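A short write-up of the structure that comes next.
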There are 2 protein chains.
Amino acid sequence: MKGLVHEDFLKKADLLRPRLIESVRRPKGIVTIRKDERENVCVEAEEPMDVLKDRTLGKGERICFDFGDHYVGYLTLRISTAGSPPDAPLYMKIRFGENAKEITERAEDYDGWISSSWIQEEYIHVDVFPTDLQLARRYAMRFVEIQVLDTSRKYRIRFDDVSFRAVSAVDMAKVTPLSYGDKLLRRMDRVALKTLEDCMQDVFEDGPKRDRRLWMGDLRLEAIANYETFHHNDLVKRCLYLFAASRLENGAVGACLFTEPTVQVDDTYMYDYALFYVPVLLDYYEASGDMSSARELWEVAYRQLEIGMDALDERFLVKEDNTAFLDWKAGLDKQAGAQGVLIYSLRCGIRLANLLGYDENEMEEWLKLTIQAAKRYLWDPEQKVFISGKEKQVSYASQVWMILADIWDKETNRELLKRIMELDPEMNMVTPYMNHHFVMACIQCEEYDLAMTYMKNYWGEMVRDGADTFWELYNPKNKNESPYGSSIINSYCHAWSCTPTYFLRKYERIWRSIS
Amino acid sequence: MKGLVHEDFLKKADLLRPRLIESVRRPKGIVTIRKDERENVCVEAEEPMDVLKDRTLGKGERICFDFGDHYVGYLTLRISTAGSPPDAPLYMKIRFGENAKEITERAEDYDGWISSSWIQEEYIHVDVFPTDLQLARRYAMRFVEIQVLDTSRKYRIRFDDVSFRAVSAVDMAKVTPLSYGDKLLRRMDRVALKTLEDCMQDVFEDGPKRDRRLWMGDLRLEAIANYETFHHNDLVKRCLYLFAASRLENGAVGACLFTEPTVQVDDTYMYDYALFYVPVLLDYYEASGDMSSARELWEVAYRQLEIGMDALDERFLVKEDNTAFLDWKAGLDKQAGAQGVLIYSLRCGIRLANLLGYDENEMEEWLKLTIQAAKRYLWDPEQKVFISGKEKQVSYASQVWMILADIWDKETNRELLKRIMELDPEMNMVTPYMNHHFVMACIQCEEYDLAMTYMKNYWGEMVRDGADTFWELYNPKNKNESPYGSSIINSYCHAWSCTPTYFLRKYERIWRSIS
């Protein structure tokens, strides 16, 4: 694959590789997970772990371990046998569930468009006992279910030890818990922190189950949550250098990067994700004060704005067939939202140029032109909402991004926010990622009560649904929804969902004042 | 598990551990294996290996490699990708077939009593490419089929190299091919040699697919074939010391031994297999002239005879409910056959005592008593055959072992051999192991033409059926027969089937003279 490689940046990124913190975890108990008549997933405490030494398993039998919380790392099983000497291999199936629901789902039933290879399950033979079986792959899990497919008629197996070497670049224990708020709020903060901890590995990953990879959209939200919590600024810096080191041919940063076996930009370009390099760099500079890195990477950031501008039509509008992501909502027209992202990023670029002492005149000109175009072609003065694409689609995403682009005065923005909620168009928001931007828009409009209520209704409902970490996808009205064809492939610890801890800590004074 | 452990013998066995000879093998071609309308297995040459570099595989696609011969060892796959950078793991299923038939059978359909964990297949995830995937387990195979369960929509995989590190304690290339006979005979010898080569590993195994373990019955036949071919006497010596080192509580040698992670006798005692320690030691001494080992192990051998005698009833008859194996034939009564094995082993004991300069008087007495009992209670003077058990069952096994016990004069034995073939009782022979003893009985009766015809009809038919190595089980009249519920679990390279090379080489002068 062609592309642009910057060896110096690669070296810098490599020097910033974090040393992972390890902790050994053991199950809290043995559980049974099943679906009741109403298809609700039930986790029934079965036995404490100390019965394990007397429990043996034979063909067809299962055992499910509950580690009590979500972890990312490596499983080790110490297995011995009971009965005659083992005269045949053990064959077993091991399944990992980030939550209990995954344990009730069958890989065989999955027929979606995302690769089934993400489903965390293994078939394993063991030839010699006793064994300390260390699974080589990394898993994201709270539950581990083991099914004995076969031993032989002459022996059964026993688990002498079950342990999980959890890894992360950071340690939650070092972050002071939220010092205010009710139980729900504190739990939301805790779950958000855990989400972020488990996603902070060798890079900021989107999700440790899937895709286990550095995506720009996820990085942006993880980074701002990190500045309020773990303060691991070097990990953000590493990711900024990685994105700068391996780029697409025209200098655009990719939507995501592979880091193994070598750093390699994906061939996916997303209009919004590339532009986000600018706010990520700005946020990093503001959090760290690291002028030299910001200056070194400025050209990369500026190039993203140039590419963003080059892609406009003659009216200075983002084209209808642009590659922006915005949200997983099927049928969402991305034109207005992407225009919002462009304007938002231009503002970040201007601010960063100011801070670094660079000339911002050209960007100011771009800002003027793109705002003008947005007002002229995307604003519907009748409906008083932004419309997108040929079909003049009205969506949450378009309004939210145009509010964040801040092209009207505060009062108009506030009215727009209320209006879109009243209209409640079919083109709603399906990811925590888009919902984050909605809350951000509420805060920008100083609609703090609304922001808090919304947070509690959205992330709070996930907590009430038993989340240990926040999920990639969540629709409170259709909890089984997945853009992938089945929820078995969903990621249940997903970086872009971790921002409650950002909101709760960054705007602590506000929440305290309105409570 | 309780038992008798002899540390000195363990140490001696350990010093005799062979250094395995390795050779790297690569597939001869890509094939398609299918069943035709008549359920015949067809192997269709598809493509030569040099097309591999241009061939990529995606979800649901398969490829089957033919290594051209049977090997035992370790598979390595060098896999790279084509298309976009791999954005999801590869998930694949790898199946190993000792012969083509196994590739057409499905593990899911197996429901027999032997553990399905013996079926040679693996499900494997690969996270990072390119990879040199070295499978940790050892396999016995000629064919390897790989099915891509999933990659992603963005990439396909390519096999840059497929190699198999074959291992054995011996090297067939060092054995002179059979110097006489027709094509079939030479092929039978070659297939037998290959069988033996692939079973000679860290110990003499019964079968490298299943059970991969040292069984006494298999060892005995492997050892005599080895003396005519590979002359690896130390491997026999090692196995004799192993059996002596870890025994059942009363000093009996077990039917088989486990050698990993430590040497451990199985808790299975078989009347005939324990007695075979005596002929194995005698054969070893006669082949090697190793007087000191034979003397050191004499007590172990003698103890097997004592235990064999102790188990008799007051008439000096093996009891009806004895634990002898003899053959897999369902319903076979073992009394007469086991009596034959006892007498045969007593004769070996007496001979060995003579050679070592020990007193044989007690054994002579035992021999007299057991022969007398056999003649009085197991011989049916009306039918002129040996009968076995309450039901007075007439079987091949009983006659064959009584002929090998040599209790009648040569003419009577010869008549008995003819008679049983004329009677052709329903209690026939199903394993190559039992068939070996039939040929042995023919040779003892100097029925050389019969022996040769029989060998060509039995092992020769396996060759005509495409055997690269001789099989654990073979019934020319029902080629799908398995005592295990399905032929997918059968071993197709099985030690006890390797004796054509013994017969063809040991009795070369005879075959030359009658041809």
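Coordinate-derived values only; no laboratory data. What you are looking at is a predicted structure, and each value in this text was computed from that prediction instead of being measured. Cβ placement follows ideal geometry from the backbone for every residue including glycine, while neighbour counts extend to all protein chains displayed.
What are the extents of the Cα atoms of chain A along their three principal axes, in Å, largest first?
82, 52, 44
Between the range A:284-332 and the range A:412-472, how far is it from one alpha carbon centroid to the other, in angstrom?
Each part's Cα centre sits 24 Å from the other's.
Can you give the angle from 0 to 90° between the axis of helix A:291-310 and the longest principal axis of chain A, with both taken from C-alpha atoms, to the nearest 10?
70 degrees
Relative contact order for the range B:372-418: what is it in percent, counting Cα pairs under 8 Å that are at least 6 residues apart?
25 percent
How high is the FRET efficiency from A:LEU423 to A:ASP109, r the C-beta distance, R0 35 Å, rounded to 0.05?
FRET efficiency, A:LEU423 to A:ASP109: 0.40.
Could you give the size of the charge dipole of the range B:60-208 about its Cα centre, using +1 on the Cβ of each K and R and -1 on the Cβ of each D and E, expressed in debye and rounded to the nearest 20?
For this selection, approximately 480 debye.
Which of the trypsin sites (Lys or Arg not before Pro) found in the range B:145-210 are in a DSSP loop and have at most 15 neighbouring Cβ atoms, other than their own, within 10 Å?
B:ARG153
What pairs in B:LYS101/B:LYS329; B:LYS329/B:LYS384; A:LYS28/A:LYS101; A:LYS35/A:LYS477; B:LYS101/B:LYS506 have C-alpha atoms more than 27 Å from each other?
Over 27 Å Cα-Cα: B:LYS101/B:LYS506.
Copy-to-copy spacing for A:GLN134, label 7 Å out on the Cα-to-C-beta vector, in nm, shortest first?
Spelled out, the distances from A:GLN134's label point are 1.6 nm.
Place the peptides B:351-358, B:396-403 in order of packing, highest mean first, counting for every residue the other Cβ atoms within 10 Å and averaging per peptide.
B:396-403, B:351-358
Quote the relative contact order of the range B:13-94 in percent (integer), defining contacts as alpha-carbon pairs under 8 Å separated by 6+ residues.
With pairs under 8 Å counted, the relative contact order is 29 percent.
Can you tally the net charge around A:GLY68? Count Lys and Arg as +1, Asp and Glu as -1, for every other residue whose Cβ sits under 10 Å from the Cβ of A:GLY68.
Result for the local shell: +1.
Between A:ILE21 and A:MET172, what is 0.36 nm times their sequence separation minus the Cα-Cα distance? Round to one decimal in nm.
So the extension gain works out to 53.3 nm.
Of the listed peptides A:35-41, A:278-284, what is their order by residue-averaged count of other C-beta atoms within 10 Å, with the highest listed first?
A:278-284, A:35-41
How much length is gained if the chain between B:ARG55 and B:GLU260 is pulled fully straight, taking 0.36 nm per residue apart and subtracting their Cα-Cα distance, in nm to one decimal?
Full extension of this stretch gives 69.7 nm more.
Ordered by residue, what ³J(HN,Hα) values in Hz, to whole numbers, does the range B:450-464 give under the Karplus form 6.51 cos²θ - 1.76 cosθ + 1.60, where θ = phi - 60° and Gly and Pro are x?
With coefficients 6.51, -1.76 and 1.60, one gets 4, 4, 5, 4, 5, 4, 5, 6, 8, 5, x, 5, 5, 4, 4 Hz.
Please name which of A:LEU149, A:VAL162, A:PHE96 has its Cα lying farthest along the dipole of the range A:21-168 towards the positive end, using unit charges on Cβ (Lys, Arg +1; Asp, Glu -1) and the Cα centre as origin.
The residue sitting farthest along the positive end of the dipole is A:VAL162.
Could you list A:TYR448, A:TYR484 in order of exposure, starting from the residue whose Cβ has the fewest other Cβ atoms within 10 Å?
Going from sparsest to densest Cβ surroundings: A:TYR448, A:TYR484.
Taking A:GLU46 in one copy and the same position in all the others, each labelled 7 Å out along Cα→Cβ, what are the pairwise distances from the first, in nm, shortest first?
From this label point to the equivalent ones elsewhere in the assembly: 4.1 nm.
Calculate the FRET efficiency for B:GLU37 and B:ASN478 from the Cβ-Cβ distance with a Förster distance of 25 Å, rounded to the nearest 0.05.
Step by step, r from the Cβ atoms, then E = 0.80.
Taking a label point 7 Å out from Cα toward Cβ, give me the nm distances from A:LYS2 to the same spot in the other copies, shortest first, one decimal.
8.0
Kindly express, to the nearest 10 degrees and within the range 0 to 90, the angle between helix A:277-288's C-alpha long axis and the longest C-alpha principal axis of chain A.
Here the helix axis deviates by roughly 80 degrees.
Nearest 20 debye, what's the magnitude of the dipole of chain A about its Cα centre given +1 on Lys and Arg Cβ and -1 on Asp and Glu Cβ?
In total the dipole reaches around 1200 debye.
For chain B, what is the calculated [θ] at 222 nm in deg cm²/dmol (nearest 500), taking -39500 (n - 2.57) for each run of four or more DSSP H residues and dividing by its residue count?
-12000 deg cm²/dmol
Can you give the angle from 0 to 90° between the axis of helix B:183-199 and the longest principal axis of chain B, with both taken from C-alpha atoms, to the nearest 10?
On a 0 to 90 degree scale, this one is about 80.
Roughly how many Å is it from the Cα centre of the range A:17-92 to that of the range A:94-153, as a whole number?
Answer, in whole Å: 11.
Counting partner chain Cβ atoms within 10 Å of every residue's Cβ in B:153-161, what's the average?
1
Per the Cauchy relation, a quarter of the hull surface: what is the mean projected area of the convex hull of the alpha carbons in the protein assembly as shown, in nm²?
Quarter of the Cα hull surface area: 48.6 nm².
Please work out the Cα convex hull volume for the range B:21-168 and give it in Å³ per residue.
123 Å³
Name the nearest-to-axis residue of chain B, judged by Cβ distance to the rotation axis taking chain B onto chain A, and quote that distance in whole Å.
Nearest-to-axis residue on chain B, with distance in whole Å, is B:TYR123, 2.
If you take the C-alpha gyration tensor of the range B:1-90, multiply each eigenvalue by 5 and take the square root, what semi-axes do you get, largest first, in whole Å?
41, 22, 16
With the contact rule set at Cα under 8 Å and sequence spacing of 6 or more, what percent relative contact order holds for chain B?
For chain B, the relative contact order is 17 percent.
Select from B:MET427, B:VAL385, B:TYR507 the residue farthest towards the positive end of the dipole of the range B:371-515; place +1 on Cβ of Lys and Arg, -1 on Cβ of Asp and Glu, and compute about the Cα centre.
Farthest towards the positive pole: B:TYR507.
Over the whole of A:118-127, what's the average partner chain Cβ count within 10 Å per residue? Rounded to a whole number, please.
Partner-chain Cβ atoms within 10 Å, mean over residues of A:118-127: 4.
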